[in-house]
Amino acid sequence: MTDPKFSQRGWLDRSIVIFLIMAIAVGIGFRLTSLDRKLYWHDEVYTSFRAAGYTGAEISQEIFSDRLLLPSDLLKFQQFKPDSTPWDTIDSLAIEDPQHPPLYYLISRLWMQLFGSAIPIMRLLPALISLLALPFMYGLAFELFGSHLIALLATAFLALSPFDVLFAQIARQYSLLTVSTIASSFYLLRAIGSRSISSWMIYSLASAIGLYTHPFFGFTLIGHGVTIIVDRFILTKRKTQDDVIPDPPILVAFLGSIVGALMLYSPWLIVIGGNYKRALSSTSWAAVGTDWFMAAKLWLLSFTSLFLDLDFGFDNFWTFGARLPIFLLVVMGIYAICRRTRPLVWVFVLSSILVPFLMLFLPDLFLGGRRSTVSRYLIGCYPGIQLSIAYLIGIHLGNLDRSWQLVWKSVLVTLFACSIASCTVSAISNTWWSNVPSYFNAETARIINSKPNPVMIADEGNGTNLGDVISLAHLLRSEVKLLLLKPQIPDSIVQSFANQFVFRPSGKIRQAILARQLNLEVVDGTGGDLWRIGKS
């Protein structure tokens, strides 16, 4: 491979560098603006109250109490719990949410103590964390390809990625997972190159941080192991006399680093082992099957959302048709890497994409489920995809044929235009596809706020109502009354039914209302979440 050199292009190279630096700056700007525009959705609500030191059980016991409340009565649980300690945050996770390790929540707790719990403040933390991924991506791409141009391209694609910008503004651990994925890969390559004990220790520490961020980081580590085994034991062999001898020292160092990371992670492994049934029940929704045609559409949306994330409607051809050329570029990039780079490079990129995906796809195939269709579960795959397209465009921008340069410059500009358009539309929207199950909360709150003296009734429901009721409390007028039930229906609801609503009514709630000679009518535009109480 001949790496593109800036010195070979003079003013042309400088213009590309300036263009890419400007693209990175725009991506940083998207991350740090409009932090309070989108609704504070279900999962973010859980982040706040766990970081604050509360458990879901104690909040439910207090608010679902068959009495009228105001939004402020719910929002107090989004603020720091008096006299709580970091152990309260750890206990909240260990008891109710053990599949989520505590690192991000403890960082968020410290952030909340220092700067408060307002929505922009809580989202500023993951946005700032996401910026750490940029220098690591540059370093990773340079380690792989030895080209500053390709490294800048990969960094720019990450900076402007609509998916990464979107999840950088969500008060969850996903931006930290992206940083951990890229950083651990960078340190792995550095350790393979230097073979020093200190570099393997740094890799081990980076791996432990990744494990304490999200359990699916383990898929990235498996991909690293596959890279070393395939490269050292299958593709690259050293001969001593007449025997074929593999290269075991790197494998031994890698295994030692993983053992060290697992030892650091062992306290949380014990927590998961002691409460594994709770962890399984919390993720049981992902085990519900989906048809393969639907899955294929969702995979296409997930893998191309790194460059284009405009929704023309799920049944609209252009939602998918516009993404097919991008998917083709991904395939071309992977092919180019496999054809033109040394074994360690292409095996690493291929493993980083395929292993995390297969670790989710194979259970879906044999056990049923839709784990592999959840975009955020595939975060480990995404840096490899960005590296592939960066390499594809980088080698063609280094082509001496100016006509080919013009073609690939046009491709680059088009990709950036798609990313900027997607980030812009997302930035001015108050909800996005990532906000499931809270997608319709903004419209629900708008309808309730538009009525005089409204009352919203809700019960604990199927387990998601707690987070979404508090999410709505962020949006409702301060005087809106909330009647949160266990569920029971007090006689007071028959006194006035003009502006009484029910949020996601359970079967018991519906039966109780109908038994009082009242009826329920779905409110348009709320996805079936909001129902109006009226006369029979």
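What the table shows:
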read-out	value
Count of the range 310-327 residues which are in a loop (DSSP other than H, G, I, E, B) and in contact with a Leu (Cβ under 7 Å, 6 or more places away or on another chain)	2
Qualifying positions in the range 304-358 - surrounded by 14 or more Cβ atoms within 10 Å (Cβ to Cβ) and among the basic types (Lys, Arg)	Arg323, Arg340
Residue that is exposed (fewer than 15 other Cβ atoms within 10 Å of the Cβ), outside any loop (DSSP other than H, G, I, E, B) and of a type outside the set (Phe, Trp, Tyr), where the choices are Ile21, Ile16	Ile21
Positions within the range 292-303 being open to solvent by less than 60 Å² (accessible area, probe 1.4 Å) and of a type outside the set (A, V, I, L, M), in sequence order	Lys297, Trp299, Ser302, Phe303
Residue match in the range 430-440 (condition: open to solvent by 20 Å² or more (accessible area, probe 1.4 Å), among the hydrophobic types (A, V, I, L, M, F, W, C) and in a helix (DSSP H, G or I))	yes
Answer residue from the range 63-79, given it is modelled with pLDDT under 95 and open to solvent by 10 Å² or more (accessible area, probe 1.4 Å) and is nearest to Phe49 (Cα to Cα) among those	Ser65
Residue within the range 96-117 that is open to solvent by less than 10 Å² (accessible area, probe 1.4 Å), among the aromatic types (Phe, Trp, Tyr) and over 19 Å from Phe49 (Cα atoms) present	no
Candidate set: the range 494-521, residues that are more than 16 Å from Gly461 (Cα to Cα) and touching a strand residue (DSSP E or B) at 6+ places or on another chain (Cβ under 6 Å); chosen: the one modelled with the highest pLDDT	Glu521
Residue in the range 412-425 that is free of Cβ contacts under 8 Å to residues at least 12 places away in the same chain, surrounded by fewer than 23 Cβ atoms within 10 Å (Cβ to Cβ), out of contact with any helix residue (DSSP H, G or I) (no Cβ under 8 Å at 6 or more places or on another chain) and within 30 Å of Gly289 (Cβ to Cβ) present	no
Matching residues, the range 272-307, being over 15 Å from Pro325 (Cα atoms) and in a loop (DSSP other than H, G, I, E, B)	Asn275, Thr283, Val288, Gly289, Thr290, Asp291
Filter result (loosely packed, with under 14 Cβ neighbours inside 10 Å and not aliphatic (A, V, I, L, M)) within the range 388-411	Asp401, Arg402, Ser403, Trp404, Ser410
Residue check for Asp524: touching an Asp or Glu at 6+ places or on another chain (Cβ under 9 Å) and modelled with pLDDT of 90 or more	no
Looking only at the range 255-281, and only at residues there that are at pLDDT below 95 and polar (S, T, N, Q), the one that is most open to solvent (accessible area, probe 1.4 Å)	Ser281
Qualifying residue in the range 135-148 (condition: surrounded by 22 or more Cβ atoms within 10 Å (Cβ to Cβ), of a type outside the set (Ser, Thr, Tyr), under 25 Å from Tyr40 (Cα atoms) and touching a Pro at 6+ places or on another chain (Cβ under 8 Å))	no
Test for Trp318: is it within 18 Å of the chain's Cα centre (by Cα), aromatic (Phe, Trp, Tyr) and over 21 Å from Ala390 (Cβ atoms)	no
Among residues of the range 443-465, those that are in a helix (DSSP H, G or I) and open to solvent by 10 Å² or more (accessible area, probe 1.4 Å), counted	4
Matching residues in the range 508-522 - criterion: being of a type in the set (A, V, I, L, M, F, W, C) and in a strand (DSSP E or B)	Leu518, Leu520, Val522
Residue in the range 373-387 that is under 27 Å from Ile150 (Cβ atoms), out of contact with any helix residue (DSSP H, G or I) (no Cβ under 8 Å at 6 or more places or on another chain) and not in a strand (DSSP E or B) present	no
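The values are calculated or read from the model by the stated rules, or taken from the named source; none is laboratory data. All of these numbers come straight from a predicted model, not from anything done at the bench. Don't worry about glycine lacking a Cβ; one is built from the backbone with ideal geometry, like all the others, and counts go over all protein chains shown. We work out accessible area using only protein heavy atoms, side chains counted, and drop any ligands, DNA or RNA first. Shrake-Rupley method; radii C 1.70, N 1.55, O 1.52, S 1.80 Å.
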